[in-house]
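Trainee: Here it is: the structure, laid out below.
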Amino acid sequence: MPFQDLPDRVAEIRQRIQAAKVRGGHGQDVRIVAVTKTHGPDAVLAAMAAGVRDIGENKVQEALEKQEALAARAAMTGGIPAITARATPPNVMAAGLQWHLIGHLQRNKVKHLGRFALFHAVDSGRLADAIDQFAVAQGRVVDALLEVNISGEESKGGFSLADLPGEAARLAGRSGLRVVGVMTMAPFGADEVTLRSVFSGARNARQVVAAAGHPAGELSMGMSGDYEIAVEEGATMVRLGTVLFGERGG
């Protein structure tokens with residue numbers, strides 16, 4: 001089976017996360033979101049076998065293909081947990097696996113959010129409104145994070161710190177969209193000073209969102225190269241791909 005060393009990698013990462021939690025002193029629980037982008041369904045199965053139950057995908061279509069592949073394999077073997085569009089909730093496998101959509105989402109694809117436990121990248125008011133309208137029409141609630149652009153990079157999406165208080169207030173009380181925290185990405189190759197500035201800024205942004213009345217307990221930040229600093233600064237979820245599965249496929 002591919003990724004045979006994954007349990008050892010996960011064990012080491014959990015140790016590093018625990019040490020970072022102690023150094024940071026925020027006392028938070030931290031979940032590993034295994035990002036299986038460009039890897040096949042075997043990466044999902046390996047993550048499950050290693051005790052990781054949160055699976056992250058950047059693109060809707062790739063996630064749906066993996067979900068369906070796992071469902072088909074389950075139907076053939078009876079030994080792999082399946083996922084179906086009509087399951088309740090539809091985003092959780094029998095073994096407790098939860099799917100996270102962590103990349104940008106076009107408004108015309110919000111209909112697929114029922115297949116995910118958490119959407120990490122609400123990056124505009126128009127997208128937030130589209131998600132809320134979809135969820136209300138379906139009689140459901142979509143859990144999501146507001147993406148914040150702490151570094152101010154034009155290449156990154158998300159709300160600026162200046163716009164965040166007004167948007168958080170505007171979205172308060174929505175019945176279809178439940179804002180449960182914030183997400184951010186640090187600049188590629190940033191030094192430690194910059195990383196800490198971005199991550200602490202996101203932590204403060206979460207407080208702004210919570211002050212507007214949202215149940216904003218989650219802080220999604222940190223990837224393979226900077227997750228320990230992110231945990232020190234209060235991350236509750238780290239999005240890890242390369243450090244778990246090696247370099248990405250094609």
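Trainee: Applying the selection to region 205-250, what residues are of a type in the set (S, T, N, Q) and either surrounded by 22 or more Cβ atoms within 10 Å (Cβ to Cβ) or in contact (Cβ under 8 Å) with a residue 12 or more places away in the chain (or both)?
Mentor: Applying the first criterion (of a type in the set (S, T, N, Q)) to region 205-250 yields 207, 220, 224, 236, 242.
Across region 205-250, the qualifying residues are SER220, SER224, THR236, THR242.
Trainee: Filter region 154-173 for residues that are among the polar types (S, T, N, Q) and either crowded, with 17+ Cβ neighbours inside 10 Å or farther than 18 Å from LEU105 by Cβ (or both) and give the result. Step through it out loud before you land on a result.
Mentor: Pass one, region 154-173, residues among the polar types (S, T, N, Q): 155, 160.
Within region 154-173, SER160 is the sole residue that qualifies.
Trainee: Counting only residues that are of a type in the set (D, E, K, R) and closer than 19 Å to ALA205 by Cα, which one in region 125-166 is modelled with the lowest pLDDT?
Mentor: From region 125-166, those of a type in the set (D, E, K, R) are 126, 129, 132, 140, 143, 147, 153-154, 156, 163; that's our starting set.
With the extra rule that they be closer than 19 Å to ALA205 by Cα, the set shrinks to 143, 147, 153-154, 156, 163.
Values: ASP143: 98, GLU147: 98, GLU153: 84, GLU154: 81, LYS156: 85, ASP163: 96.
My answer is GLU154.
The values are calculated or read from the model by the stated rules, or taken from the named source; none is laboratory data. On a predicted model such as this, the values are computed, not experimentally measured, just so you know. Ideal geometry is used to build each Cβ from the backbone, glycine not excepted, and the neighbour counts take in all protein chains shown.
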